[in-house]
Amino acid sequence: MKDTGALEQAVAYLRVSDKKQMNTAIDIDPDGNSIATQRKIVEQRADTLPARIVQEFVEPGVSAQSIEKRVEFQKMLAYLQDNPQIKYVIVYMRSRAFRNYIDAAVTKRQLDLIGVTLISAKEDFGTGIYADMMAAITDIFNDTQNKLSGQDISTKMLHKVMNGGTCGRAKIGYVNARIPFEGRQVNTIKIDEERGPLVVQAWELYATGDYGIDELEAAMADLGLTSPPTGRYPVSRPVSASTLHNMLRDPYYVGYVPWKGKIYPGRHEPLISHELYERVQDILRHRSANGNRDRIHNHYLKGSLSCIRCRGAGHTSRLVFNQTTNRTGNKYPYFTCSRSKEGLCDLPSLPVEWVEEAVVEHYRTLQLPSDFATESRKLLEEIVSDEQSTIRDTHASLNRQLKDLDKKENRLIDLLADGSMPQAKIRMKLIELKSQRKRLEAGMTNTSEKLAIGASVLRHALDLVADPYTLYRDAGPEARRLLNETFFERFYVDDHQDSIELRMADEKSSVFADLHQAGRACTGRSSRRKLKGAHPSQRANAGLNKPLMVVPAGIEPATPRV
């Protein structure tokens, strides 16, 4: 085996500019074929120095031309500052690390100051003044090629748009598709069978003039209009008010392709008619001209409130945040049910102060019994301790398997050097052993990390419910929004007739729903023990239902009750 203790230390920087490259041959290597190929060549170059790679930085699918926008590259520079023993940064090619000669020169200066040498695995310029000159010339050529490629792409995209094509991802309501054409598969745009009709409905609702952008956002969320999954957001989400606002101004939906300030006839099928498009534009212009622009109101409870009455009738209906201004300029914010505008719900307008206070008071119901939290922490630590013992045994077993692999690899390397056995067969066996090693090493990491993450989540959850009411009451709007997202999926709100009292219910997030179920079970057992032998009237009173939430009587309604 090679003596790695005497080798210089190096780091590897691997990068692809398109996330799609990360999915090529992903069944063979989880990082994709491109990264796997770069890794192999970089490791071979490290062996020739000789050096050993102690850290790897992988930039997955970042097309940013400037190094300041590459997260992993910046992490690598910080790592080099903290680890002065590193002597080399090895890249697959200089064009993988730098897309312009200025970044290359700045980075070289930074590395020179800390005594680190940049090595290109595919470009061996040697050392000395002429080597530096060749590297700089290569960087200039890469920069020029990058700019020429950009101009070429822009020209091709303009040509595509002028011929009615669509560049990039399909807009909401459409999908990218491949269809057969003259024996070939070509890219095109088709109407999304699921989202297309909902997009049309959004235009039609707004064209009535009865909906503002915030009300339209709530209505479309209830109807099920969501954005398609993306790499950044793999789970579909309700379409935001700003996205709807941009959509209602976009001539793409009537059959045109906007491109760099101009509009070209498109080949895609229009979703809406010219008449509907003009009606919507008239409404947008009218509201803008009168100073009553479709404002996108932001409130920390926006999107988290739903109507109890509609839920009881089998419908999902969000509460919409609105704000009116009287003649003296005073603003009155309130929440209304999105179905009340069509006369489908009789929930009155609720002043924002009422709802805010009701939610604050509702946080009292999140409190867990102190003895339950203490007992849970104790049990958690016992479980973690037991699991850590099991993990130690598992790691010992995995270490024994790794040592066996070392012995097998050594024997195969000796046979390879001897030359008496088929070389191809031995190399295939070495590749299989390398894959086994990766799986074993991953197993050692995953077992301990999963336990640590799970235990940490539960500890934080128990800390948060130690006093949730005070925590939420004293928090600012942004912190309240984050707390609501942490504890609850949504709140359900109702108004009591003839009183300023709100009823609240909720859907808790999965972690806290489980905690409360366990807490109620614990409280139930404790209550049964306490009530055993008590007077019958005491046992009867223990089960009485109390009002969930009451707004203080000093708060006056800000809007007329419907």
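The values are calculated or read from the model by the stated rules, or taken from the named source; none is laboratory data. In this text, all values refer to a predicted model and were calculated from it rather than measured experimentally. Cβ atoms come from the backbone with ideal geometry, glycine included; neighbour counts cover every protein chain shown. The area values use the complete protein model at the heavy-atom level, side chains included, leaving out ligands, DNA and RNA. Shrake-Rupley method; radii C 1.70, N 1.55, O 1.52, S 1.80 Å.
Data for the structure
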{"item": "Modelled label reach - residue 193, point 7 Å along Cα→Cβ, the range 257-279 residues with backbone N closer than 19 Å", "result": "269-271"}
{"item": "For the range 298-369, alpha-carbon Rg relative to the globular expectation (2.2 N^0.38 Å, N residues)", "result": "1.26"}
{"item": "Cα point-scatterer Debye curve for the range 195-298, base-10 log of I(q)/I(0) at q = 0.17, 0.24 Å⁻¹", "result": "-0.85, -1.39"}
{"item": "More than 13 angstrom apart: percent of Cα pairs within the range 91-150", "result": "61 percent"}
{"item": "Three-way shape call for the range 140-181 based on the alpha-carbon gyration tensor, with the a/c threshold at 1.5", "result": "prolate"}
{"item": "Förster radius 35 Å - calculated FRET efficiency between residue 140 and residue 260 (Cβ-Cβ, nearest 0.05)", "result": "0.75"}
{"item": "Theoretical FRET efficiency, 1/(1+(r/R0)^6), r = Cβ-Cβ of residue 346 and residue 505, R0 25 Å, to 0.05", "result": "0.85"}
{"item": "Rounded FRET efficiency, nearest 0.05, which uses the C-beta distance separating residue 158 from residue 285 and R0 of 30 Å", "result": "0.50"}
{"item": "The range 231-255 and the range 160-184: distance between their alpha carbon centers, rounded to Å", "result": "18 Å"}
{"item": "Pairwise Cα inverse-distance average, inverted: Kirkwood Rh of the range 37-103 (Å)", "result": "13.0 Å"}
{"item": "Volume per residue of the C-alpha convex hull in the range 192-251, rounded to whole Å³", "result": "91 Å³"}
{"item": "Net charge of Cβ neighbours under 15 Å - reference residue 90; Lys, Arg +1; Asp, Glu -1", "result": "+2"}
{"item": "GluC sites (Glu not before Pro) within the range 179-260, DSSP loop, no more than 15 other Cβ atoms inside 10 Å", "result": "182, 193, 194"}
{"item": "For residue 59, distant residues with modelled amide H under 5 Å away", "result": "14, 15, 16"}
{"item": "Gain upon complete extension [residue 240, residue 83; 0.36 nm per residue less C-alpha separation]", "result": "52.0 nm"}
{"item": "List 94, 52, ordered by accessible area with a 1.4 Å probe, largest first", "result": "52, 94"}
{"item": "Convex hull volume of the range 56-175 per residue (C-alpha atoms, cubic angstrom)", "result": "133 Å³"}
{"item": "Formal net charge of residues neighbouring residue 236 (Cβ-Cβ distance under 13 Å; K, R +1; D, E -1)", "result": "+1"}
{"item": "Burial ranking of peptide ranges 359-365, 321-327 (average Cβ count within 10 Å, highest at the top)", "result": "359-365, 321-327"}
